[in-house]
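A.B. asks: First, the structure itself, so that you have it in front of you.
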Amino acid sequence: MGKAVIAKAAAAVLLVWLCAEIVPAQTSIKEGYVNLPGVRIFYRDTGGNGIPVILLHPNTGSSRVWEYQIPAFTAKGYRLIMYDRRGWGRTQVDPSGPQPGTGADDLLGLLDQLKLDRVHIVSTAGGAFVGLDFALSFPQRVRSLVLANSIGAIQDQEFAVLNRRLRPPEFGAMPPEIREVGPAYRAANPEGTQRWVDLEKLSRPPGPVMAAQPTRNRITFAMLETLRVPTLLITGGADMFAPPPVLRLFAARIKGSETLIVPEAGHSTYWEQPDVFNRAVLDFIARY
């Protein structure tokens with residue numbers, strides 16, 4: 001009888017631990033909309049008087065994906081603003097308005113309406129296209145920039161050739177979790193993988209997929225050399241989009257940039273190894 005009670009108690013503890021791993025505790029978050037030309041941007045804001053940090057989600061996510069970042073960043077006193085980019089999540093596109101606009105201009109409009117001057121930008125994957133373009137366009141509004149697991153919308157022809165070598169045409173037909181979650185994480189954490197899949201399925205509104213937003217700048221390796229914003233580059237050792245050699249191409253051109261390669265992580269380092277990701281980003285932005 002005693003052993004049965006102990007077994008039930010252990011099972012209950014395990015269940016609580018698994019739930020905590022899948023969905024960490026959240027702080028109180030304000031949700032709202034900002035009206036911009038052709039779009040109502042949905043955003044989430046932890047509020048407070050802390051230095052603002054903008055989180056830019058990947059193309060396989062929305063503002064919902066930052067579950068593991070919210071507790072860590074707010075505990076350090078930062079104010080987090082997460083929003084659904086145009087064409088994602090709960091942001092509402094008005095087809096009668098100007099489309100598709102640029103992600104950098106949408107971000108500028110959001111900051112202006114929220115009366116935020118200079119911010120830290122933490123961006124990953126497709127969100128880093130916007131983060132990089134914004135920092136190149138409006139460097140005076142950026143305290144620091146984190147580009148994680150991204151190819152940065154680089155348009156050099158030789159980089160396009162490299163990308164074709166890395167990923168054959170069949171790559172895009174694979175399930176998103178195979179493309180973007182590393183094998184080590186998928187093997188060790190099926191619950192977390194399923195949570196990632198669930199959030200990915202919620203990331204796009206119903207209806208046709210909106211055309212990709214262009215960048216304000218034609219982003220090239222030469223343009224990276226003009227970036228003067230403090231920059232941290234992160235990627236995973238098992239990232240099939242932006243493997244370590246790609247990160248080094250960026251690091252060689254962004255003056256003074258810092259780098260972190262996370263062993264075994266795939267294209268979703270922020271999700272797969274949040275403790276490592278959060279610690280590195282928080283240490284970095286604290287210096288700026």
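The values are calculated or read from the model by the stated rules, or taken from the named source; none is laboratory data. These numbers were taken from a predicted model, which means no experiment stands behind them. Reconstructed Cβ throughout: ideal geometry from the backbone, glycine too, with neighbour counts over all protein chains shown.
Each row is one residue, and each column tells you yes or no for (1) of a type outside the set (S, T, N, Q); (2) without any contact (Cβ under 8 Å) to a residue 40 or more places away in the chain.
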residue	(1), (2)
V39	yes, no
F42	yes, no
D45	yes, no
G48	yes, yes
I51	yes, no
S63	no, yes
E67	yes, no
A72	yes, no
Y83	yes, no
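A.B. asks: Which condition number does T193 fail, the rest of (1) within 30 Å of D275 (Cα to Cα); (2) modelled with pLDDT under 95; (3) within 19 Å of the chain's Cα centre (by Cα) being met?
C.D. replies: The one condition T193 does not meet is (2).
A.B. asks: With the checklist (1) farther than 30 Å from T193 by Cα; (2) outside any loop (DSSP other than H, G, I, E, B); (3) not small (G, A, S) in hand, flag the one item M82 doesn't pass.
C.D. replies: Just one mismatch for M82, condition (1).
A.B. asks: Please find, within the stretch 141-171, the residue that is nearest to G236 (Cα to Cα) out of those that are of a type in the set (S, T, N, Q) and touching a residue at least 60 places away in the same chain (Cβ under 8 Å).
C.D. replies: Checking each candidate, the answer is N149.
A.B. asks: Filter the stretch 121-137 for residues that are of a type in the set (S, T, Y) and either buried (at least 24 other Cβ atoms within 10 Å of the Cβ) or in contact with a Phe, Trp or Tyr (Cβ under 7 Å, 6 or more places away or on another chain) (or both) and give the result.
C.D. replies: S123, T124
A.B. asks: Please enumerate the residues belonging to the stretch 248-284 that are more than 21 Å from N189 (Cβ to Cβ), crowded, with 19+ Cβ neighbours inside 10 Å and acidic (D, E).
C.D. replies: Those that are more than 21 Å from N189 (Cβ to Cβ), crowded, with 19+ Cβ neighbours inside 10 Å and acidic (D, E): none in the stretch 248-284.
A.B. asks: When you go through V122, V161 one by one, which is the residue that is more than 16 Å from P243 (Cα to Cα) and not in a loop (DSSP other than H, G, I, E, B)?
C.D. replies: Criteria check complete, one pass: V122.
A.B. asks: In the stretch 224-288, which helices (runs of 4 or more DSSP H) lie fully inside it and hold 1 or more residues that are under 25 Å from K76 (Cα atoms)?
C.D. replies: Here the list reads 269-272, 274-285.
A.B. asks: Ok, one more. Given the residues G192, G172, G152, G207, which is the only one that is small (G, A, S), within 25 Å of I285 (Cα to Cα) and out of contact with any strand residue (DSSP E or B) (no Cβ under 7 Å at 6 or more places or on another chain)?
C.D. replies: G152
A.B. asks: Another question, if that's okay. Condition check: among the small types (G, A, S), within 13 Å of R40 (Cα to Cα) and assigned to a loop (DSSP other than H, G, I, E, B). Does G109 satisfy that?
C.D. replies: Here the answer is no, as G109 does not meet what is asked.
A.B. asks: Go through the stretch 102-135 and count every residue that is among the β-branched types (V, I, T) and in contact with a Pro (Cβ under 7 Å, 6 or more places away or on another chain).
C.D. replies: 3
A.B. asks: Tally the residues that are within 15 Å of K30 (Cα to Cα) and among the polar types (S, T, N, Q), restricting the search to the stretch 56-90.
C.D. replies: 2
A.B. asks: Going by the conditions given, is D117 touching a residue at least 24 places away in the same chain (Cβ under 8 Å), crowded, with 16+ Cβ neighbours inside 10 Å and either assigned to a loop (DSSP other than H, G, I, E, B) or acidic (D, E) (or both)?
C.D. replies: No; evaluated as a whole, the condition is false for this residue.
A.B. asks: Hey, can you tell me all the residues within the stretch 168-191 that are outside any helix (DSSP H, G or I) and crowded, with 17+ Cβ neighbours inside 10 Å?
C.D. replies: Within the stretch 168-191, V181, G182, N189 qualify.
A.B. asks: For the subset of the stretch 195-221 comprising residues that are in contact (Cβ under 8 Å) with a residue 40 or more places away in the chain, of a type outside the set (D, E, K, R) and in a helix (DSSP H, G or I), which member is farthest from G127 (Cα to Cα)?
C.D. replies: Per the criteria, the residue is F221.
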